[in-house]
Amino acid sequence: MAGNVLTSVYADEIFKLAENKENKVFYNSSAEHASIVHQALAKYANNYIYIFSSSMSSDVSNNPEYCYAIKNFLETDRAHVIKIILTDYTDDFSHTEIAKLLSRYPSQVSIKKYDGRVLYKGEPAHFTVSDDCAFRLETDIKERMAFGNFNSPVQAIELRNLFDKIFSSSLVKDVCLN
């Protein structure tokens, strides 16, 4: 019971930060927290969501709440864009709930595979960035340790620039879901 209360308090705080686009650093230290942050990023994104991840095959990316937020983001405006780079892509990805959803929006969603890593302080990292202001940077992939902010343009633009550089490089290959 105490875990549910703490999760609820965390979710309330994260969604409040996202809705108000507050310039405040937040932390997460579990898959459950990661899921909440990703839902908030998707719910409050207004233009784009860029995701640099391993495989998007876990519950963080495939739970109903996140899939709903992504669907809503894509359906709200046909100009909304999602770009994804996967470092551990396998054909199994196409069978995930998130991939099935994303495949319905080929003009808005681009997915690429990359046989490389992004390092943060010498360790592999994943990140999500949206609208040149919000981000979540996962600094310990195994333990889901991350930090982020819903209104930090300097950090968000730096992550977007890194994403764009990798996404447009010859080292990535397109993933076709259809």
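The values are calculated or read from the model by the stated rules, or taken from the named source; none is laboratory data. Nothing here was measured: the structure is a model prediction, and the numbers come from that model. Virtual Cβ from ideal backbone geometry, glycine too; neighbours counted across all protein chains shown. The accessibility values were calculated without ligands, DNA or RNA, using every heavy atom of the protein model including side chains. Shrake-Rupley method; radii C 1.70, N 1.55, O 1.52, S 1.80 Å.
Just a few scattered comments:
- Listed by first and then second residue, the pairs linking a residue in the range 12-29 that is free of Cβ contacts under 8 Å to residues at least 24 places away in the same chain to a residue that is in a helix (DSSP H, G or I) and not polar (S, T, N, Q), with Cβ atoms under 9 Å apart and 6 or more places separating them unless they lie on different chains, form an empty list.
- Criterion violated by S103 - all others in (1) under 15 Å from the mean Cα position of the chain (by Cα); (2) surrounded by fewer than 21 Cβ atoms within 10 Å (Cβ to Cβ) satisfied: (1)
- Strands (runs of 3 or more DSSP E) fully within the range 120-175 counting 2 or more residues that are in contact (Cβ under 8 Å) with a residue 40 or more places away in the chain and within 12 Å of Y50 (Cα to Cα): 123-130, 134-140
- In the set S35, S57, S94, S110, only one residue is of a type in the set (S, T, Y) and assigned to a loop (DSSP other than H, G, I, E, B); that residue is S57.
- Of the criteria (1) open to solvent by 10 Å² or more (accessible area, probe 1.4 Å); (2) free of Cβ contacts under 8 Å to residues at least 40 places away in the same chain; (3) in contact with a Phe, Trp or Tyr (Cβ under 6 Å, 6 or more places away or on another chain), which one L74 fails: (1)
- Test: Y50 is surrounded by 15 or more Cβ atoms within 10 Å (Cβ to Cβ) and over 14 Å from S130 (Cβ atoms): no
- When residues in the range 122-172 are screened for being loosely packed, with under 13 Cβ neighbours inside 10 Å, of a type in the set (K, R) and modelled with pLDDT of 95 or more, 1 of them pass.
- Residues in the range 60-91 that are more than 19 Å from A31 (Cβ to Cβ) and assigned to a loop (DSSP other than H, G, I, E, B): D77, R78, A79, H80, Y89, T90.
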